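What follows is a short report on a single structure.
The values are calculated or read from the model by the stated rules, or taken from the named source; none is laboratory data. Here the structure is a predicted model, which means the values were calculated and not measured. When we count neighbours, we look across all protein chains shown, and the Cβ atoms used for this are built from the backbone with ideal geometry, even at glycine. Calculation scope for accessible area: heavy atoms of the full protein, side chains included, ligands and nucleic acids excluded. Shrake-Rupley method; radii C 1.70, N 1.55, O 1.52, S 1.80 Å.
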Amino acid sequence: MSIALIVSIDRNGAIGRRTTLPWTMPSCANRIKELTQGKPVIMGRRVFESGKQSDLGTHCTLIVVTQEASTNRTKYTKTGAFPAANLNDAVSVARYFATITGAREICIVGGASLFRQTIVICERVYVMRVSAATIDSDVHLQELNAIIEECQHGTCKKWSLQETGKVVAQQSSNADQHDASFITLTRMRSSEAV
């Protein structure tokens with residue numbers, strides 16, 4: 001059973017602004033829903049409470065809540081999500097759910113803290129790389145941008161990069177605001193590493 005991260009990121013490494021994405025990208029939202037369909041999903045409390053990841057097409061959504069936030073766990077279960085005290089507990093429950101349903105992947109959709117904790121153990125990272133350079137972002141994941149840059153320059157020894165699609169910005173108000181590339185990073189096995 002593999003663990004995959006799903007991340008929207010811009011050229012500056014921005015992934016968030018005031019608990020939401022710093023851009024409007026319906027194509028990225030659709031891609032996230034497609035990638036999580038039928039798989040257990042893990043997210044942080046603030047990502048869940050932002051409401052941006054509420055309809056992912058999954059039957060098992062696990063919310064990692066801190067001790068301070070754990071006093072009101074019923075607000076999560078009322079929405080069909082399950083609170084977990086920490087990332088390890090969330091992964092254990094997700095593995096159980098995946099075993100029962102036949103899902104082959106557990107998806108982690110944010111926030112930054114969960115990404116940082118799991119990038120060292122995940123096997124795959126699905127990236128929606130937005131061409132924007134957000135200035136007023138307050139959440140960054142520079143280490144992921146560094147991996148992407150290394151792969152694009154052929155100097156990465158731990159990951160392989162495959163571009164799987166592109167999005168072209170549209171002019172209407174409810175369309176994608178920026179161009180974007182869909183990228184899949186796959187961790188190389190030690191025998192594949194250069």
Checklist entry - Among the residues of region 43-58, is there at least one that is modelled with pLDDT of 90 or more and basic (Lys, Arg)? => result no
Checklist entry - So is ASP10 among the acidic types (Asp, Glu) and either closer than 22 Å to ALA146 by Cβ or at pLDDT 80 or above (or both) or not? => result yes
Item to check | Residue check for ARG189: modelled with pLDDT under 85 and among the basic types (Lys, Arg) | outcome: yes
Item to check | Among the residues listed as THR66, THR19, the single one being over 25 Å from VAL167 (Cα atoms) and modelled with pLDDT under 90 | outcome: THR66
Checklist entry - With respect to SER92, is the statement that it is surrounded by 14 or more Cβ atoms within 10 Å (Cβ to Cβ) and among the small types (Gly, Ala, Ser) true? => result no
Next on the checklist: Restricting to region 119-135, give me the number of residues that are over 24 Å from GLU49 (Cβ atoms) and of a type in the set (Ser, Thr, Tyr).
Outcome noted: 1
Next on the checklist: Being over 24 Å from SER50 (Cβ atoms), modelled with pLDDT of 90 or more and under 18 Å from the mean Cα position of the chain (by Cα): is that true of ARG116 here?
Outcome noted: no
Item to check | Qualifying positions in region 1-14 - of a type in the set (Val, Ile, Thr) and open to solvent by 20 Å² or more (accessible area, probe 1.4 Å) | outcome: none
Checklist entry - Condition test on ARG129, is it modelled with pLDDT of 90 or more and within 28 Å of ASP179 (Cβ to Cβ)? => result yes
Checklist entry - For region 15-54, which residues satisfy the criterion of being open to solvent by 20 Å² or more (accessible area, probe 1.4 Å), assigned to a helix (DSSP H, G or I) and under 16 Å from PHE115 (Cβ atoms)? => result ARG45, ARG46, VAL47, PHE48, SER50
